[in-house]
Structures are given as structure tokens and as C-alpha cells.
Amino acid sequence: MSDFNTQLLIAIQAQPDGLSLVEALAKWPDVPRRSLQRALANWVVEGEIAPVGKARATRYVAKLKIAPKVLAYPLPTPAGLSESSAWRAEEELSTGQWPLSPDSQDIRAYLAQPWGTRQPVGYNSEFLQSYQPNVTFYLPQPVRAQLHRMGRTGQSPQPAGTYGRAVLDRLLIDLSWASSHLEGNTYSRLDTQALIANGQQAQGHGVTETQMILNHKAAIELVMDNVDATQMSRYLLMNLHSALSENLLESPEDEGRLRVHPVQIGQSLYRPPTGQTLLGTLVDEVIAKFNAIEDPFEQSFFAMVHLPYLQPFADCNKRTSRLLANWPLLRANLCPLTFLGVSQAWYTSAMLGVYEMNRVELLRDLFMWAYERSTKEYLTARSGVVEPDLLRLTYRDAIKKIVKAVVQNPEQDPLALVASQVALAAPGPDREDVRALVIQELRRLHEGVLARYGLRPAELERWRSIQG
């Protein structure tokens with residue numbers, strides 16, 4: 001089908017309540033009404049969309065899928081994996097074995113295609129506009145609950161930034177080193193420590209790498225100096241960029257200012273928006289939505305998604321987003337996100353998924369892995385009793401029964417079986433969160449927890465052998 005037909009399908013898939021003919025005509029004013037009607041009819045025949053309502057009230061919605069998502073176009077299954085087993089596959093990354101979600105597998109498969117087969121894309125304003133703070137969530141409730149349990153420092157009743165100040169000396173080294181490493185900086189952790197603690201420049205490294213490390217130090221100190229601010233402001237965002245970009249940009253006038261020229265993204269076919277007026281409007285919208293988000297982890301992840309996607313600055317957009325992502329965590333006295341151990345390849349792929357597909361799943365997997373790694377580094381010894389997850393407690397028996405059913409029926413499609421079983425166990429608004437919990441349990445299933453589900457090692461082995 002034509003490019004227009006594909007774009008029409010993408011637009012319908014991107015909207016939970018679909019599109020009406022009137023909305024489609026407004027979106028593509030140059031397309032004749034009859035052409036739009038034919039295109040909609042074709043997608044109905046293809047089984048991709050369905051009409052809902054009658055006459056002028058008709059809306060066209062994407063057919064329900066187990067895990068709704070926006071697809072740029074069909075994604076190939078990773079080599080060597082069947083469709084039924086791809087959802088639980090593990091990929092060897094430089095950080096070790098980490099189970100990627102099914103949607104993350106899709107993103108990596110798409111990005112593995114030859115450059116020429118990927119579609120050039122521009123900035124999609126609906127990606128930002130459709131996000132409703134505290135209604136839309138990139139991080140599902142079980143994920144947020146897990147992150148809160150991992151990140152607790154025991155400093156919650158204390159003033160904002162109490163924990164961050166207590167670990168600041170270490171944070172300056174870890175975050176400066178890891179964030180710079182994601183930009184290709186070759187300083188070692190020990191070199192970074194010597195530079196930050198003693199001002200000792202490492203031999204064999206260029207001045208650019210030294211400047212980058214020192215800029216990170218200054219930016220982290222700026223974050224801590226403003227950690228008790230009630231909201232993120234444009235002033236703080238601009239000065240954060242200025243600290244990170246000092247003496248690193250081709251034009252010093254671009255430090256801490258919205259860019260005036262188009263930018264290109266390396267390894268990507270994505271083209272960000274242009275024009276200072278438009279960028280200013282979009283930056284303000286990003287800040288407003290960021291400030292409206294109540295959960296600090298959702299805030300953090302939102303910054304990692306939308307600031308790099310907008311590319312408001314001439315350079316240093318991703319590193320600005322990584323430091324901004326720590327601001328809500330430090331305000332809430334949660335463990336910081338240091339990015340220790342995150343590989344450039346994984347981070348680049350995750351951002352390309354956002355740029356070219358408006359998909360956040362791979363970045364979400366990275367975010368969860370990186371935060372767990374950070375908490376292990378910073379919170380090695382904890383006291384007190386961990387508060388149980390209320391949702392997991394409420395659906396405890398149902399989750400166990402569903403996990404057991406999936407393992408004992410290895411010939412069935414696991415995702416479909418989970419969806420059908422969860423629909424019976426949790427028919428209300430908790431359905432998607434319970435489904436996420438079940439899949440999480442299946443991903444980390446091992447011999448040491450089988451008795452919990454009434455399973456035997458032989459059943460687990462058979463399930464794994466069939467599912468791949």
C-alpha cells in the first residue's frame with residue numbers, strides 16, 4: 001500500500017480511541033474524501049482496524065492486541081526465535097544476560113534492518129501531546145512499585161536532597177564517568193576519580209574528554225544546588241545544559257540556548273523539529289508535563305524520553321536528559337540513577353527506538369536494569385522490613401495459578417494464555433498491571449522458586465525446551 005495508507009494506519013494505532021473520518025480529513029486536508037474512505041475500508045478488510053459507532057459518529061480503531069503498541073510497519077522475528085518464544089528470549093549485552101520484553105525484541109529487530117530499509121521520520125507532536133500526566137504511564141504500576149522498593153534510602157521524611165548530599169562525593173565520580181562513557185569518553189573510573197577529587201588530568205586523553213568530565217561534575221553540583229526547588233524551570237534546564245556543554249560546542253553562543261540550526265542524529269533517519277519559536281513552545285510543554293507528573297520515577301523516565309526526542313539544543317541533549325532524570329529522584333531522597341554498566345550499544349538502540357518509532361519499551365528495560373544496578377552499588381546494606389506490593393498480594397493466588405498453567409501447557413502461545421487467564425482473574429482496571437506481574441514472574445522463573453507454583457524441575461525444563 002501507499003505511504004499515505006501506512007501513515008493512516010499508524011495514526012489510528014497511536015490513538016486509543018482511534019480516528020473519525022472528520023479527524024482524518026483535518027489531518028490530511030490534501031487527500032480527497034473518497035480516497036480516505038477507500039483507505040479506511042481497505043484497512044478494515046485487512047483486519048487491522050474496525051469501525052465503532054454509526055454514521056457520522058463512526059470511529060476507526062486498531063484491532064485489540066495482547067500488548068497494544070504503535071508499529072511503524074511489520075517487524076521481523078529475531079533470527080533463531082519463533083514468535084511464541086521471542087517474548088522470553090534473552091540477549092547477551094555487554095552488561096550480561098538481561099531478559100528483554102517482547103516489545104523490546106521488536107524494536108531491536110527493526111533497528112537491525114539495513115539502513116536503507118528504515119523509513120525517514122520527522123518529529124511527531126502527537127507523541128508528546130497524547131501523554132497525560134498521571135493518566136498516561138510509560139512505567140506500569142508494578143514497575144513503579146518495584147522501583148520504589150529498590151530505591152528507598154530511609155531518608156523520605158528528611159528535606160529534599162538529604163540522601164544525595166550524603167553520597168555526593170561518590171555520585172560526582174560515578175555519574176560523571178558513566179554518563180561521559182555513553183558519549184564515547186575513554187576516561188576510566190579511577191581516572192575520573194583522580195580528576196574530580198584531585199584535579200589530576202589523565203595522561204593519554206584529549207582535553208575534550210577532560211572537559212566533559214569536569215562539565216558533568218559542575219552540572220551534578222547544579223542539580224544538587226537546586227534539588228529543593230518546587231518545580232523544574234526553563235532557567236534550570238538551560239543552565240544545566242550550559243554546564244554540560246561549556247567549552248564543547250562549535251559555537252559558544254549555543255551553550256544554554258535553544259538551537260537555531262537543524263541537527264542530524266547519528267545512526268538515525270530521524271529529523272528533529274526546527275525553529276526557535278517552535279522549540280521554545282515544545283520545551284515549555286515538556287517542562288509543564290514533567291512538573292505535573294507525581295511519581296518521581298515516571299518523571300525521571302519522561303525526561304529521558306522527551307528531552308532527547310525534541311533535541312532542543314545544538315548538542316548535549318542526551319546527557320542533559322540523564323542529569324535531569326536524577327533531579328526528581330534526588331528530590332525524593334531515592335537512590336540516584338548513575339548509568340553504571342550501561343553499554344553504548346544498548347543506550348543508542350533504546351534512543352533510536354524513541355526517535356524512529358516513538359517506542360519506549362527498550363529504553364524502559366534499560367532504565368530498570370540501570371536503576372537496579374545503581375541500587376546495588378549504593379544501597380548494599382539496608383535495614384527494616386520491605387513493604388509487600390499490594391497488587392501482588394491481592395492477586396497472589398491468581399498469579400501463581402496462571403504461571404503454573406503457562407508452564408504446564410508449553411505448546412500454547414504463552415502471551416495469549418496469559419492474556420486469557422488474566423482476563424478471567426482480573427476483569428477490572430487492574431488487568432494490564434496483573435498481566436505485567438505474571439510476565440515478570442515468568443521471566444525470572446528458576447528452580448529455586450518452583451515449589452511456590454506447584455511445579456517440578458522437569459516441567460520447567462520441558463517448557464523451556466519447547467519455548468526456546
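At a glance:
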read-out: Matching entry among 415, 366, 362, 379 (being under 30 Å from residue 306 (Cβ atoms) and touching a Gly at 6+ places or on another chain (Cβ under 7 Å)); value: 362
read-out: Filter result (closer than 19 Å to residue 389 by Cβ and buried (at least 18 other Cβ atoms within 10 Å of the Cβ)) within the stretch 442-458; value: 442, 445, 453
read-out: Given (1) buried (at least 16 other Cβ atoms within 10 Å of the Cβ); (2) modelled with pLDDT under 70, index of the condition residue 1 fails; value: (1)
read-out: Pair list, Cβ < 8 Å and 6+ apart or interchain, from the stretch 203-216 residues that are touching a residue at least 40 places away in the same chain (Cβ under 8 Å) to residues that are charged (D, E, K, R); value: 216/319
read-out: First in the stretch 127-145 and small (Gly, Ala, Ser), second anywhere and in a loop (DSSP other than H, G, I, E, B), Cβ under 6 Å, 6 or more apart; value: 145/389
read-out: Residues located in the stretch 195-210, provided they are assigned to a helix (DSSP H, G or I) and either buried (at least 16 other Cβ atoms within 10 Å of the Cβ) or not assigned by TED's automatic domain parsing to the domain that holds residue 316 (or both); value: 195, 196, 209, 210
read-out: Residue 269 being modelled with pLDDT of 95 or more and not small (Gly, Ala, Ser); value: no
read-out: Criterion: within 16 Å of the chain's Cα centre (by Cα), closer than 30 Å to residue 275 by Cβ and either charged (D, E, K, R) or assigned by TED's automatic domain parsing to the domain that holds residue 296 (or both) - qualifying residue of 128, 139; value: 128
read-out: Close pairs from the stretch 224-236: first within 10 Å of residue 327 (Cα to Cα) and assigned by TED's automatic domain parsing to the domain that holds residue 280, partner β-branched (Val, Ile, Thr) and surrounded by 11 or more Cβ atoms within 10 Å (Cβ to Cβ), Cβ under 7 Å, at least 6 apart; value: 232/287
read-out: Matching helices (runs of 4 or more DSSP H) fully within the stretch 325-387 where at least 1 residues are on the phi < 0 side of the Ramachandran plot, modelled with pLDDT under 95 and in the same structural domain as residue 289 (by TED's automatic domain parsing); value: 344-357, 361-378
read-out: In the stretch 121-150, the residues that are touching a strand residue (DSSP E or B) at 6+ places or on another chain (Cβ under 9 Å) and outside any helix (DSSP H, G or I); value: 121, 122, 123, 130
read-out: Some residue of the stretch 240-263 being of a type in the set (A, V, I, L, M, F, W, C), in the same structural domain as residue 347 (by TED's automatic domain parsing), touching a residue at least 60 places away in the same chain (Cβ under 8 Å) and not in a loop (DSSP other than H, G, I, E, B); value: yes
read-out: Breaking point among (1) surrounded by fewer than 18 Cβ atoms within 10 Å (Cβ to Cβ); (2) in a helix (DSSP H, G or I), for residue 427; value: (2)
read-out: Residue match in the stretch 278-298 (condition: modelled with pLDDT of 95 or more, in contact with a Pro (Cβ under 7 Å, 6 or more places away or on another chain) and surrounded by fewer than 16 Cβ atoms within 10 Å (Cβ to Cβ)); value: yes
read-out: Out of 432, 459, sole residue that is assigned to a helix (DSSP H, G or I), outside the structural domain of residue 139 (by TED's automatic domain parsing) and closer than 19 Å to residue 147 by Cβ; value: 432
read-out: One residue from 209, 253, 221 being within 15 Å of residue 314 (Cβ to Cβ), over 25 Å from the mean Cα position of the chain (by Cα) and of a type outside the set (S, T, N, Q); value: 253
read-out: Residues satisfying the stated conditions in the stretch 418-464, i.e. among the small types (Gly, Ala, Ser) and in contact (Cβ under 8 Å) with a residue 24 or more places away in the chain; value: 419, 425, 426, 436, 454
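Residue by residue, here is whether (1) buried (at least 16 other Cβ atoms within 10 Å of the Cβ); (2) at pLDDT below 85; (3) not in a helix (DSSP H, G or I) holds:
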{"position": "80", "(1), (2), (3)": "no, yes, yes"}
{"position": "85", "(1), (2), (3)": "yes, yes, no"}
{"position": "88", "(1), (2), (3)": "yes, yes, yes"}
{"position": "92", "(1), (2), (3)": "no, yes, yes"}
{"position": "98", "(1), (2), (3)": "yes, yes, yes"}
{"position": "104", "(1), (2), (3)": "yes, no, no"}
{"position": "109", "(1), (2), (3)": "yes, no, no"}
{"position": "116", "(1), (2), (3)": "no, yes, no"}
{"position": "119", "(1), (2), (3)": "no, no, yes"}
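The values are calculated or read from the model by the stated rules, or taken from the named source; none is laboratory data. A quick note: this is a predicted structure, and the numbers were derived from the prediction, not measured. We place every Cβ from the backbone using ideal geometry, glycine too, and count neighbours over all the protein chains shown.
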